[in-house]
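The values are calculated or read from the model by the stated rules, or taken from the named source; none is laboratory data. Everything quoted here is computed from the prediction, not taken from an experiment. All Cβ positions, even for glycine, are placed from backbone atoms using ideal geometry, and neighbour counts span all protein chains on display. Quick note on the areas: whole protein, heavy atoms, side chains included, nothing else; ligands and nucleic acids left out. Shrake-Rupley method; radii C 1.70, N 1.55, O 1.52, S 1.80 Å.
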Amino acid sequence: MLDKTKRNWWRQAVAYQIYPKSFQDTTGSGTGDLQGIIRRLDYLAALGVDVIWLSPVFASPQVDNGYDISDYRAIDPLYGSLADMDALISEGKKRGIGIMLDLVLNHSSDRHPWFEAARTSRDNPYHDYYVWRDGVPGTPPNGMKASFGGSAWEWVPEVKQYYFHQFAPQQPDLNWENPRLRRELYDMILWWMDRGVEGFRLDVIDQIAKEPDREITANGPRLHEFLRELSAETFQKGCLVTVGEAWGADIERAKLYSAPDGSELSMVFQFEQIMLDQQPGKEKWDLQPLPFVELKKSFARWQQGLHGCGFNSLFLNNHDLPRTVSHWGNDGKWRVQSAKLLATMLHGMEGMPYVFQGEELGMTNIRLPIEGYRDLESLNMYRERKAAGYPEAEIMASLYAKSRDNARTPMQWDDSPNAGFTTGTPWLSVNPNYTAINAARQVEAPDSVFSYYRQLIALRKSHPVFTQGDFTLLEPEHPKLFVYRRQDDAHQLLVVCNFSDEETPWTLPEGWAGADRLIGNYAPGEPGRLRPWEALMLEQPL
Ligand code: GLC
């Protein structure tokens, strides 16, 4: 177990993201719950993770699956009670697993009492907790669009003003310019820290310092000032791990966010690599083939850019993104090999790896009829593109590739009905491949994707080069191979990945002949070639 009383304990840690709605149901409601997570803690302990990032479980009307919070200090009855959360925190602690809550501080639900008061009168003390502009019905203050479609402005007749929302109309943006609002958020965070949580993930944190009059959303002028105040008033009073979601982060900004003095956060999620397969300047639905050489160079820039002066988060998927094996791997013939390869590529790097539930089993994307989708972003896109005359097949292809519901299908525990997720009707379809892809088959099987993840996580804990070494990209222009070297004062690590359905010629670089093989997704083969989706790691002393 990591000693979490030490500052920066998280530099050796591995996190696991739980999407609670889809993890484990214990009541037959069809929706996962906190008791379900407690039931599965031993599974997570076996995997070896140190932290659970829990997507929001706070009271919420669930318009955006909990990313619309109506009470930051209450658990939604869907998931259980505060007592269940306290039990989860203490049961997690016994196993060395901390809970990282997902705080949505950019916006609240329109059903939060603050907003319900704010919308009654311009003189209400809560009015200024949100972002309002004058206007006339039918003519919003400007043409800004919300991320989930439509205008970013919504008219409220009672106050004869528009409020600003970067996401759904039911997710009004909070006004961080207001010091009383900021204080309330800090007090709430301190209250959770007192209950024993060990970290926070901060939803769309780069968007809090918006200036809608100048059409600024991400990276507003006061962003880092707000973050430093937030951090000083809360996180720095404990030994917490914090990660901000920052679609707009570049390396220079990430150095501020993750400055080693802890003045802001521990790290951010940045999306440079994830966005490479979307057409530049277009939406995520507008697909293009993955530019592999650019992907490697992008990872290398971030690894080198933050080494010694910041910290990377390492992730391949989450609840908003496609399943990695379907996205960058081959989820057909080479599913097992490519799932292990992707893990090898990522877990060899410096930073904190995040495993998204089911990734450790090689779970895949799903194809649903349109009535089967539940995600509001997906449904809005379908409606908008239908109205704009896009062909049905093209819209569905975008959903199959990028719908957020790909990641949100229930966790596949075993081959019993509904994959052991629920005895009721699941809120979102279970992927029919659960009879073949499930935890029960994999936990004890030495060759499984699960066992491979377990080994990778253990390697990070036992070999300091994983957490300390610098990074050099080898063969940068190779169209199929991703090869890199890590090096610290004492050791060198070589990571080799063949991103291809074909055998690829490759020879061990000079000086590596006597190295130890730490892990690989095939039995050692003949020299001179790598098999389809073959990956391996070698280590040697300097
Ligand atoms: C983040 C969350 C996403 C949510 C959005 C609005 O991007 O990850 O799930 O819909 O913020 O809160």
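Couple of notes before you dig in:
- The chain - charge dipole about Cα centre, Lys and Arg +1 at Cβ, Asp and Glu -1, debye rounded to 20: 440 debye
- Counted over the chain, the DSSP beta bridges are approximately 60% antiparallel.
- Of the residues Asp102, Asp86, Asp488, ranked by 1.4 Å probe accessible area with the largest first, the sequence reads Asp86, Asp488, Asp102.
- Anisotropy class of region 20-62 from Cα gyration tensor, a/c 1.5 cut: oblate
- Over region 468-541, the fraction of Cα-Cα pairs per 10 Å bin, rounded to whole percents and listed from the shortest bin up, is 20, 55, 24, 2.
- Taken per residue, the accessible surface of region 40-82 reaches 25 Å², heavy atoms only and a 1.4 Å probe.
- Sparse-neighbourhood loop sites, GluC sites (Glu not before Pro) in region 84-161 - DSSP loop, at most 11 other Cβ within 10 angstrom: Glu158
- Distance between region 228-279 and region 1-73 - C-alpha centres, whole angstrom: 20 Å
- Burial ranking of peptide ranges 20-26, 207-213 (average Cβ count within 10 Å, highest at the top): 20-26, 207-213
- Accessible surface of the chain, 1.4 Å probe, proportion on carbon and sulfur as whole %: 51 percent
- The residues of region 113-164 expose on average 50 square angstrom of accessible surface per residue, using a 1.4 Å probe on protein heavy atoms.
- In the assembled protein chains, Thr31 presents an accessible area of approximately 10 Å² (probe radius 1.4 Å).
- Centre-to-centre, using Cα atoms only, region 442-493 and region 75-121 are separated by 35 Å.
- Amide H contacts under 5 Å for Trp53, placed H, 5+ residues apart: Tyr16, Gln17, Ile18, Met100
- Region 76-84 - phi-based ³J(HN,Hα) in whole Hz, Karplus 6.51/-1.76/1.60, Gly and Pro as x: 5, x, 3, 9, x, 10, 4, 4, 5
- If the chain linking Glu477 and Arg180 were pulled fully straight, counting 0.36 nm for each residue of separation and taking away their Cα-Cα distance, it would gain 101.6 nm.
- Each label point was placed 7 Å from the Cα along the Cα-to-Cβ direction; for Thr507 and Arg228 their separation is 5.4 nm.
- Each of Ala209, Gln468, Leu518 was scored by the projection of its Cα onto the charge dipole of the chain, and the greatest displacement toward the positive side belongs to Leu518; charges sit on the C-beta of Lys, Arg, Asp and Glu.
- Dipole size of region 125-261 about its Cα centre, with +1 on Lys/Arg Cβ and -1 on Asp/Glu Cβ: approximately 20 debye, rounded to the nearest 20.
- Under 16 Å from Lys282, Cα to Cα: lysines that are on another chain or at least 8 residues apart: Lys145, Lys402
- The largest-to-smallest principal axis extents of the Cα set in the chain are 75, 51, 45 Å.
- With θ taken as phi - 60° and the Karplus curve 6.51 cos²θ - 1.76 cosθ + 1.60 applied, the whole-hertz 3J(HN,Hα) list for region 488-501 is 10, 5, 10, 9, 10, 10, 10, 10, 10, 9, 9, 7, 6, 6 Hz, x standing for glycine and proline.
- 3J(HN,Hα) from dihedral phi, region 23-38, Karplus parametrisation 6.51/-1.76/1.60, rounded to Hz, x for glycine, proline: 8, 7, 8, 10, 10, x, 6, x, 10, x, 8, 5, 4, x, 5, 4
- Heavy atoms of Asp128 accessible to a 1.4 Å probe, total area in Å² rounded to 10: 80 Å²
- Residues Val325, Val136 ordered from highest to lowest accessible area at a 1.4 Å probe: Val136, Val325.
- Annotation: amide H-H contacts under 5 Å for Phe167 (H modelled 1.01 Å from N, sequence separation of 5 or more, or interchain): Ser147.
- Heavy atoms of Trp132 accessible to a 1.4 Å probe, total area in Å² rounded to 10: 20 Å²
- Contour minus Cα-Cα distance for Thr425 and Ser90 (0.36 nm per residue): 117.6 nm
- For region 468-541: accessible area per residue (Å², 1.4 Å): 47 Å²
- Per principal axis, descending, Cα span of region 357-506 in whole Å: 58, 40, 30
- Computed over protein heavy atoms with a 1.4 angstrom probe, the accessible surface ordering of Lys94, Lys480, Lys333, Lys386, largest first, is Lys333, Lys94, Lys386, Lys480.
- Sites listed here are trypsin sites (Lys or Arg not before Pro) in region 167-208 whose DSSP assignment is loop and whose Cβ has at most 16 other Cβ atoms within 10 Å: Arg195.
- Label zone at Gln487 (point 7 Å along Cα-to-Cβ), backbone N below 13 Å, region 505-523: 510-512
- The distance from the alpha carbon centre of region 144-214 to that of region 345-361 is 30 Å, rounded to a whole number.
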